[in-house]
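All of the numbers you see were taken from the coordinates with simple rules; none came from a lab. This structure is a prediction, so every number in the text was calculated from the model and none was measured. Using ideal geometry, Cβ is built from the backbone for each residue, glycine included, and neighbour counts are taken over all protein chains shown.
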Amino acid sequence: MSLGMSSDVRAHLIGLLLGAEEDWPRAFESILRMVGPIQHGGETHSLSSERVRIHPFDLTDPVRHGLVIDRLAYWYYHPREWLKKASLMNDTYLLNSPFTFQAMEKHSAYVAMLRLGMKIPKTVLVPYKNPVDNVRWAYTSARYNDPFDLEAIAEEVGYPLYMKPFDGGGWRGVSRVDNVEQLHTSYDESGNMLMHLQATIDYDHFARALSIGPETMVMDFRPGEPMHSRYAVTHNFLSAQAGWEAETVSKVVNAFFGWEFNSCEMLVRGDDVHPIDYANACPDVALTSLHYYFPWAITALVRWSTYCLVTGRRSFIGVRSPRAYFDIADDPDRTYMEKMRAYRELADSEFDSARYWEWCEQHLPHLPERVLEWVASPEFDKLLVETVRATYPAHEHDQFVAHFRGLTGLWVKDQRNILAAPGA
Ligand SMILES: Nc1ncnc2c1ncn2[C@@H]1O[C@H](COP(=O)(O)OP(=O)(O)OP(=O)(O)O)[C@@H](O)[C@H]1O
Ligand SMILES: [Mg+2]
């Protein structure tokens with residue numbers, strides 16, 4: 001069979017490591033079918049994907065996947081160990097590498113970005129409320145644990161404050177503490193969770209940025225709303241300055257930790273951007289939460305995976321050295337903005353940003369148009385209806401089908417205008 005200029009065909013296999021979700025993998029599989037074959041470096045490249053199966057593996061078993069997108073290993077450890085093996089033995093490219101996110105939970109992420117001079121709210125880590133389950137605990141704590149005054153720490157952080165686990169996620173153990181009674185209740189309830197006390201930021205906007213490789217979408221997030229309407233579709237909700245900064249924070253966080261698929265939460269007051277939660281290296285990309293932004297997110301996952309595989313981008317295995325960032329951070333002659341601009345340059349170079357967009361222009365110019373047709377098609381509508389049916393109780397189906405049809409329909413309309421605009 002002839003496939004264009006070259007007779008060599010390099011087949012790349014993308015693995016999807018999944019939990020309960022059906023929506024985005026189906027979208028990913030559909031959009032990936034719109035890619036390729038691609039001519040690059042004198043070879044023809046083809047791409048396909050497969051959902052990763054879980055079974056015993058010999059540590060020397062061959063790995064067929066060139067890249068794996070992971071939504072499972074944060075709680076299921078057998079495939080997490082398989083990811084590590086694939087990375088170490090086979091150089092499989094991982095979105096994300098478990099080496100990076102196991103080593104860098106929320107606490108480390110706070111500390112590292114504080115060192116870079118970012119506007120992290122005042123945060124204090126207090127010892128466990130309950131004794132650690134270890135026979136040596138009684139002796140050790142009697143000998144070495146300093147008594148401490150929880151109320152004085154809370155006074156210093158200031159009320160209201162947030163009490164939350166050092167390695168949190170999904171609101172587990174998070175409470176807002178308004179006074180000294182609630183302080184004791186929350187601390188007593190924390191039991192064996194290790195807690196931070198964190199100053200509250202009174203914000204004008206909650207910005208949540210989803211980044212996939214060099215692509216970043218900063219979205220207007222409303223954490224108090226039910227899941228289906230947390231993301232508001234508001235363009236330009238931040239000032240130009242705060243918008244740049246929010247995008248930069250999320251890119252720098254990702255480049256620093258080696259995360260390529262991550263969401264970053266920032267509280268924005270005036271032009272000040274305060275990152276509060278940015279170790280989410282297994283982010284939610286469900287159709288029922290992202291709605292309007294869903295086609296962008298899945299296209300970006302396809303585009304970045306394709307770019308990494310076809311150009312032979314090497315993955316970094318392990319934890320990166322933060323030295324280049326610290327050299328900038330520790331320079332007393334630079335202002336906050338000068339540092340942010342310098343970090344952003346490092347991040348853009350880490351993600352090959354300029355080259356990436358040129359490459360997509362050259363090799364995947366048809367993709368936006370094809371994705372648009374697909375999102376407007378009955379096939380996408382079927383996916384939407386089936387996702388709603390699988391997510392909500394029967395009496396809510398009609399309401400939510402209409403809701404998500406409205407939002408994805410709005411994306412189709414906006415995207416048509418963008419693609420029709422001169423110079424698009
Ligand atoms: N310092 C803060 N100032 C104001 N609000 C905060 C602060 N810290 C946390 N919150 C509120 O508490 C929520 C949960 O906090 P956080 O994101 O740190 O926890 P989480 O367990 O990672 O939650 P999720 O998985 O939903 O992101 C935030 O979405 C925000 O609304
Ligand atoms: Mg959060």
Margin query: If I model a spin label at Glu386 and Leu59 as a point 7 Å from the Cα along the Cα→Cβ vector, what separation in nanometres do I get?
Written below: 4.0
Check: If you average the sequence gap of Cα pairs under 8 Å that are 6 or more apart and divide by the length of segment 122-199, what percent do you get for the contact order?
Finding: 49
Checklist line | C-alpha center-to-center spacing [segment 204-225, segment 271-306] in angstrom | finding: 8
Next item on the list: Straight distance only, please: which aspartates and glutamates reach the Cα of Lys85 with their own Cα at less than 12 Å, same-chain residues fewer than 8 apart left out?
Entry: Asp58, Asp61
Check: Which shape class applies to segment 70-136: rounded if a/c is under 1.5, otherwise prolate when a/b exceeds b/c and oblate if not, where a ≥ b ≥ c are the square roots of the Cα gyration tensor eigenvalues?
Finding: oblate
Checklist line | Per-residue Cβ neighbour rank within 10 angstrom, fewest leading, Lys129, Lys382 | finding: Lys382, Lys129
Check: When the chain is treated as a GNM, springs tying every alpha-carbon pair under 10 Å, which of Leu59, Leu384, Leu364 comes out with the largest mean-square fluctuation?
Finding: Leu59
Item checked: Per DSSP, loop chymotrypsin sites (Phe, Trp or Tyr not before Pro) in segment 78-173 with at most 12 further Cβ within 10 Å -> Phe148, Trp171
Next item on the list: Calculate for the chain the 222 nm mean residue ellipticity that helices alone would give, adding -39,500 (n - 2.57) per DSSP H run of length 4 or more and normalising by residue count, nearest 500 deg cm²/dmol.
Entry: -13500 deg cm²/dmol
Check: What longest region of the chain stays clear of GluC sites (Glu not before Pro) that DSSP places outside H, G, I, E and B and that have at most 16 other Cβ atoms within 10 Å?
Finding: 106-424
Note to self: Going Cα to Cα from Lys413, which aspartates and glutamates come in below 19 Å? Please leave out same-chain ones fewer than 8 positions away.
What the structure shows: Glu369, Glu373, Glu379, Asp381
Item checked: Distance between modelled label sites at Met89 and Tyr128, nm, 7 Å Cα→Cβ extension -> 3.5
Note to self: A 23 angstrom limit on the alpha carbon distance is what I want to check against. Which of Lys129/Lys164; Lys84/Lys164; Lys122/Lys339 exceed it?
What the structure shows: Lys84/Lys164
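What share of the DSSP beta bridges in the chain is antiparallel, in percent to the nearest 5? Let's see the in-between values first.
On the way: 39 of 54 bridges.
In the chain, DSSP labels about 70 percent of beta bridges as antiparallel.
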Item checked: Potential lengthening between Ile317 and Val111 on full extension [0.36 nm per residue; Cα-Cα distance subtracted] -> 72.0 nm
Checklist line | Surrounding net charge for His45, when Lys and Arg each add one and Asp and Glu each subtract one, Cβ distance under 15 Å | finding: +2
Checklist line | Two-site label geometry, Ser239 and Glu81: point separation in nm, points 7 Å out along Cα→Cβ | finding: 5.3
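Express in nm, to one decimal, how much length is gained between Arg355 and Asp331 on full extension, taking 0.36 nm for each residue of separation and deducting their alpha carbon distance.
5.7 nm
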